[in-house]
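Can you read through this structure? Questions will come right after.
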Amino acid sequence: MYRYDEFDRRFLEQRVAQYRGQVARRLAGQLSEDEFRPLRLMNGLYLQLHAYMFRISIPYGTLSSDQLRGLAHIARAYDKGYGHFTTRQNIQFNWIKLEQTPDILAHLATVEMHGIQTSGNSFRNITTDPFAGVAGDEIADPRIYCEIIRQWAALHPEFSFLPRKFKIAVAATEHDRAAVKVHDLGLHLRRDKAGTIGFEVMVGGGLGRTPLLAQSLRDFVPEVELLAYLESVLRVYNEFGRRDNMYKARIKILVQSLGIAKMRQAVEADFAATDKRDLLLAPETVAAMARQFASPPYEDAAGDAEILKRDIAADPAFARWVKYNIHPHKQPGHAIVTISLKPVGRPPGDCSAAQMELIAKLADELSFGEIRVTHTQNLVLPHLRQKDLRRLWRQLDAAGLASANIGLASDIIACPGLDYCGLATARSIPVAQRLATHLAGREEAIGSLSIKISGCINACGHHHVGNIGLLGVEKNGEEVYQITLGGNDDEHASIGAIIGPAVPVAEVEQAVDMLIATYLGLKQGDERFPETFRRVGMSPFKEALYAPR
């Protein structure tokens, strides 16, 4: 993984010192809240309903064991003993005191972390496939390009104040685990006929008030021209994006208003006129960055498959966990492990300090000290030998971290909602807890199903791209939930369609039951929910949900 050089360390030290002075002036009354707000947001600090919330950047979702221990220390020393992993592969601490925030940033700097790129009208945390570097079918490790883009973008003077926040995701396999089509800018690694690496560039995706899928801007941008082309995209957005209305300021609205043809014309015109000499990616630059993400020294694991086979046969509970939480690894005898942060009845994405410390310990012992964060609010250990899986599972199970539900109905995504967020209109976390408890025991019979819940129209829970999406809204003083169906965020991405009138919060479990029963009654063979929905349409689901009873 990428390690900081002297410039990175010196920059963070200066940033912490600057911020410490800003907080001191705010506490002394020398800065008003309006004056302090943009300063704190540049460092990831939000003012929420009950306290300050600190959002920590985890670039492309990659963590070292030391960094995870650093986060555990913050959870224990400055919060209420836990943190919340988010759909942007970051972590949030929800009970922070303002006067302690400089010390938090100082501690983060010791483990090469910060809160930059987690807020404000600038580049947000660049995200990618949590299996990057270990997926057998990837063209190249996408984290190489994520880090190159991060370094280019982080202090870019021209793009430090964009019309609105800007989110980038990068994928390197045909199966998209990075949800590139619901980002402002999506990059999908490709190879041309000559075998040259390049990128399909997609633009204008996003959720929130106006959910849209990104459209292809150019089929292939050669690796050497990547930064030059991104600069042209951002320059067009910076020039023509709206600044008079924050609800119409995202690049998706610009693409929607211009149309993709005119957007492409503007970008290509700028690209043709740009002096690219200082922006071209030299092969030696890419090679140097690739060395930062070199594979660890794997051991010969020729006999591990037989050991795993015996372990599976000996323990049905372990076998179930392997079935849902283990994914193929490019290295023979190894496995990718997804640790569920969705134990039934608990808030999705929450992780205690003790659990973080355990995962860091297991990463050191079994996974070369590396952890990944997924955009589905789970964690990944990317380098496990198959012979060690049962040992890992036992320790996770003892810590409440062995839920065998990845990709199943209880693997629910939910935003913090009205329990924390000042923008929310509904409490999404309790709904997720009740739903997961209600569906427990039936998940295998239901099969693959994504349920995603947002507590407001900003869609931090990605409800628009859930197979079943739930949006909490306030109506006449009561919480109700609008339901969307057929959403998906992979290579077959689709925006869910609203089924009809919202249902009262007390009837959500019953409504989801009816929708699942309708799906199971209509599915053919191994069809997943979006495939069945596309084939049969909305009518049978609507009839089942709203039929007189």
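Tell me which of Gly345, Phe11, Leu423 sits at the most positive position along the dipole axis of the chain, charges placed on C-beta atoms (Lys, Arg +1; Asp, Glu -1).
About the Cα centre, the residue reaching furthest to the positive side is Leu423.
Packing-wise, with mean Cβ within 10 Å as the measure, how do 410-419, 456-465, 183-192 rank, highest first?
410-419, 456-465, 183-192
Here's a follow-up. Roughly how many debye, to the nearest 20, is the charge dipole of region 304-398 about its Cα centre, given +1 on each Lys and Arg Cβ, -1 on each Asp and Glu Cβ, and no other charges?
Magnitude of the dipole: close to 280 debye.
Among 172-180, 237-245, 42-50, what's the highest-first ranking by average C-beta atoms within 10 angstrom per residue?
172-180, 42-50, 237-245
Which whole-Hz ³J(HN,Hα) couplings does region 169-178 yield from phi under the Karplus relation 6.51 cos²θ - 1.76 cosθ + 1.60, θ = phi - 60°, glycine and proline marked x?
Result, rounded to whole Hz: 10, 10, 10, 10, 10, 4, 7, 7, 9, 10.
Using Cβ-Cβ distances only, list the Cys residues of the chain with no partner cysteine under 4.7 Å, sorted by number.
Cysteines of the chain left without a disulfide-compatible partner: Cys146, Cys351, Cys421, Cys456.
Taking region 424-466, which trypsin sites (Lys or Arg not before Pro) meet the DSSP loop condition and have no more than 15 other C-beta atoms within 10 Å?
In loop regions of region 424-466 (DSSP not H, G, I, E or B), the sparsely surrounded trypsin sites (Lys or Arg not before Pro) are Arg442.
Still on this structure: How would you order 292-302, 365-375 from highest to lowest mean count of nearby Cβ atoms within 10 Å?
Going from most to least packed, we get 365-375, 292-302.
What is region 446-549 by shape, rounded, prolate or oblate, if you read a ≥ b ≥ c off the alpha carbon gyration tensor as root eigenvalues and call it rounded for a/c under 1.5, prolate for a/b larger than b/c, and oblate otherwise?
oblate
Among the listed pairs Lys361/Lys387; Lys342/Lys452; Lys80/Lys361; Lys167/Lys248, which have their C-alpha atoms separated by more than 20 angstrom in this model?
Lys80/Lys361
Okay, moving on. Along Cα→Cβ, 7 Å out, is where each label goes; now give me the distance between the ones at Ala273 and Gln151 in nm to one decimal.
For the pair Ala273/Gln151, the computed spacing is 3.0 nm.
While we're here: For region 304-398, what's the relative contact order in percent, using C-alpha pairs closer than 8 Å and at least 6 residues apart?
It comes to 31 percent, rounded to a whole number.
Between Glu474 and Asp8, how many nm apart are label points set 7 Å from Cα along the C-beta direction?
For the pair Glu474/Asp8, the computed spacing is 4.3 nm.
Read-outs throughout are calculated quantities, based only on the coordinates presented, and are distinct from any laboratory measurement. Fair warning: this is a prediction, and the values are worked out from it, not measured in the lab. A quick note on method: Cβ atoms are made from the backbone with ideal geometry, for glycine too, and the neighbour counts reach across all protein chains shown.
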